[in-house]
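Notes for the one structure printed next.
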Amino acid sequence: MTQIVARAVPTRASLILEQAGVHPLLARLYAARGVTAAAELDTGLAALLPPDSLKGAAAAATLLADAIAANKRLLIVADYDCDGATACAVGLRALRLFGASVDYLVPNRFETGYGLSPEVVDIAAAMHPDVIVTVDNGIASVDGVAAAKRRGIATLITDHHLPGDVLPDADVIVNPNQPGCRFASKALAGVGVMFYVMLALRTELRRRGAFGDGSGPNLGALLDLVALGTVADVVALDRNNRILVAQGLARMRDGRMQAGIRALFRVLGREPARASAFDLGFMLGPRINAAGRLGDMSVGIECLATDNEARAMNIAQELDGINRERREIEARMRDDADLLLVEADAENRASLTLFDPEWHQGVIGILAGRVKEQLHRPTFAFARGNGGELKGSGRSIPGLHLRDALDLVAKHRPRLLRRFGGHAAAAGVTIGEDDLAEFETAFEAVARALLSPAELTRTLETDGALESGYYSLEAARLLQQTIWGQGFPPPLFADVFDVDKQKLLKDKHLKLTLKKGKTRLEAIRFNFADSAPARIRAAFRLDINEFNGLASVQLIVEHFEPA
């Protein structure tokens with residue numbers, strides 16, 4: 001069951017924003033998202049939170065500056081998603097500009113798993129680093145940091161994931177979510193954390209006179225990478241993150257970006273001059289992620305780290321091909337999941353646990369997300385790992401903090417979970433293959449205890465009706481060029497329409513012609529093969545359909561019900 005509800009719009013805040021010169025439509029949308037003053041919309045770099053409020057950043061800068069001065073070897077250990085890849089690229093580029101000797105290593109998700117494990121330290125040791133720097137991982141790597149210490153390797157952890165009860169005994173930890181950190185943005189992505197560490201390092205090198213009379217390299221040139229990783233990791237776009245994303249997009253629109261990002265735009269047929277958060281989250285990000293899902297994320301990192309335009313184009317084409325393969329695998333897995341769901345009785349469950357022995361370990365997270373969106377249930381999808389293990393990837397709904405739920409499962413069944421980690425919306429877990437039924441029972445019990453019937457009802461929060469004058473290309477382009485994302489959701493409107501025409505495209509997309517008074521509007525509901533009643537109440541996004549060089553307004557329908 002799905003309920004369409006409207007966000008409350010604080011009238012006073014909306015008027016204040018409009019009087020300050022904000023477009024009336026945006027003023028209403030911003031006010032509904034908690035913005036109360038035009039100053040909160042300032043996306044200038046001067047409005048960024050200062051690095052000195054990020055616990056550990058100054059100590060990290062000292063550690064790295066000392067290492068550079070002593071010509072020590074630095075090794076970045078990255079994560080195998082887009083956030084980890086962009087964080088690695090930011091570190092490589094900045095540290096090389098600062099004169100560091102730096103290389104990188106990215107774990108293979110199928111062989112060594114996530115994070116700085118002792119196995120990864122063994123691999124890293126062959127590269128003879130003096131300092132290991134983790135990006136987008138490490139806060140749970142207690143054993144890995146201990147293994148590095150035994151080898152005499154210093155460790156700097158930069159991460160943003162929630163810490164466990166015990167922190168690794170690293171030389172320095174930088175994580176806005178660690179105890180005692182007063183950094184105001186707890187939603188900083190891994191790439192954002194690394195960017196802040198590089199800002200702190202530049203300040204420390206300036207203090208030491210490393211740049212003579214100059215101020216040092218312009219780290220703003222890395223903001224396209226920061227924007228891409230931030231959006232792709234689906235962290236909450238609080239004000240600080242919106243500044244980082246807005247600055248990165250501004251550079252892309254101005255033609256100033258890394259060779260790999262330019263190549264990805266070109267391969268995808270997108271125009272950087274009109275770059276949007278949608279491009280980062282749904283076009284570029286999945287291509288980088290695909291490398292880590294199906295094979296080796298070093299391909300994605302190389303795309304973002306190279307300055308050679310021809311090499312960047314070759315890698316971008318390779319990444320696009322890998323992503324096509326990922327989509328084909330996902331489609332087959334989704335068909336398998338549909339068969340499993342027929343017997344799952346999702347309506348009468350608080351959670352879903354799915355497994356097929358043929359599923360691909362790198363794609364189960366996407367599958368869990370698709371099922372969660374369809375059925376509004378926290379979902380874990382499992383694939384076979386090594387040595388009789390199952391690797392699970394979960395996605396959750398509002399009301400259930402997934403990592404905390406796993407923690408409860410671990411407390412109730414102490415020997416069930418071999419490893420787990422993550423955050424509120426997404427988490428990973430490793431269990432024995434023989435323990436799948438026990439996990440399903442335990443996770444269902446926790447979900448049922450924590451979720452109310454109301455939370456198990458999908459709610460589409462909308463911005464109410466769209467004024468008739470805004471069914472226009474101008475309004476659609478205005479919305480496209482604005483920063484939206486997790487925690488600052490893109491506009492979703494709701495209204496009643498008469499269905500004038502309807503037909504099925506490619507046997508799976510419902511194409512509609514809708515009437516609102518004298519206005520006729522083209523609309524589409526993707527992946528929906530049923531027919532619509534004559535009169536509907538629809539939740540929709542305002543979009544632009546470009547075909548044969550012509551642009552027209554189109555509504556993307558997310559849900560409808562009889563009116």
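Quick notes
- Hits in the stretch 1-36 - residues which are within 25 Å of Tyr471 (Cβ to Cβ) and among the β-branched types (Val, Ile, Thr): Thr2, Ile4, Val5, Val9, Thr11, Val22, Val35
- Some residue of the stretch 349-365 being of a type in the set (Gly, Ala, Ser), under 18 Å from Asp81 (Cα atoms) and part of a helix (DSSP H, G or I): yes
- A Cβ distance below 8 Å, combined with a sequence gap of six or more or placement on separate chains, defines the contacts here; from the stretch 202-225, residues that are farther than 20 Å from Leu244 by Cβ reach residues that are polar (S, T, N, Q) and assigned to a loop (DSSP other than H, G, I, E, B) in the pairs Arg206/Ser215.
Conditions (1) in contact with a Leu (Cβ under 9 Å, 6 or more places away or on another chain); (2) at pLDDT 95 or above, marked per residue:
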| residue | (1), (2) |
| --- | --- |
| Glu325 | yes, yes |
| Ile329 | yes, yes |
| Leu341 | yes, no |
| Phe355 | yes, yes |
| Gly387 | no, no |
| Arg403 | yes, no |
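- Answer from Leu75, Leu54, Leu97, Leu64 - the residue that is surrounded by 16 or more Cβ atoms within 10 Å (Cβ to Cβ), assigned by TED's automatic domain parsing to the domain that holds Thr203, closer than 25 Å to Asn289 by Cα and not charged (D, E, K, R): Leu75
- Among residues of the stretch 301-313, those that are polar (S, T, N, Q) and surrounded by 16 or more Cβ atoms within 10 Å (Cβ to Cβ), counted: 1
- Qualifying residues in the stretch 18-40 (those that are of a type outside the set (Lys, Arg), in contact (Cβ under 8 Å) with a residue 24 or more places away in the chain and in a helix (DSSP H, G or I)) - the one farthest from Thr158 (Cα to Cα): Leu25
- The number of residues in the stretch 339-361 being farther than 24 Å from Asn386 by Cα and out of contact with any helix residue (DSSP H, G or I) (no Cβ under 9 Å at 6 or more places or on another chain) comes to 5.
- Residue within the stretch 456-467 that is part of a loop (DSSP other than H, G, I, E, B), closer than 30 Å to Thr43 by Cα and within 28 Å of the chain's Cα centre (by Cα) present: yes
- Among the residues of the stretch 528-563, those identified as free of Cβ contacts under 8 Å to residues at least 40 places away in the same chain, farther than 19 Å from Lys501 by Cβ and not in a loop (DSSP other than H, G, I, E, B) are Glu546, Leu550.
- Just one of the listed residues (Gly220, Gly164, Gly192) is within 28 Å of the chain's Cα centre (by Cα) and crowded, with 24+ Cβ neighbours inside 10 Å, namely Gly192.
- Of everything listed in (1) under 24 Å from Arg418 (Cα atoms); (2) out of contact with any helix residue (DSSP H, G or I) (no Cβ under 7 Å at 6 or more places or on another chain), the single unmet condition for Pro179 is (1).
- For the residues Phe265, Phe282, Phe278, the requirement of being on the phi < 0 side of the Ramachandran plot, among the aromatic types (Phe, Trp, Tyr) and in contact with a helix residue (DSSP H, G or I) (Cβ under 6 Å, 6 or more places away or on another chain) singles out Phe265.
- The stretch 514-527: number of residues that are assigned to a strand (DSSP E or B) and under 31 Å from the mean Cα position of the chain (by Cα): 4
- Selection from the stretch 266-285 of residues that are free of Cβ contacts under 8 Å to residues at least 40 places away in the same chain and part of a helix (DSSP H, G or I): Pro272, Ala273, Asp279, Phe282, Met283
- Selection count, the stretch 292-314, where residues are within 22 Å of the chain's Cα centre (by Cα) and part of a helix (DSSP H, G or I): 11
The values are calculated or read from the model by the stated rules, or taken from the named source; none is laboratory data. From a predicted model like this one, the values you see are computed outputs, not experimental measurements. As a convention, Cβ positions derive from the backbone with ideal geometry for all residues, glycine included, and neighbour counts pool all protein chains shown.
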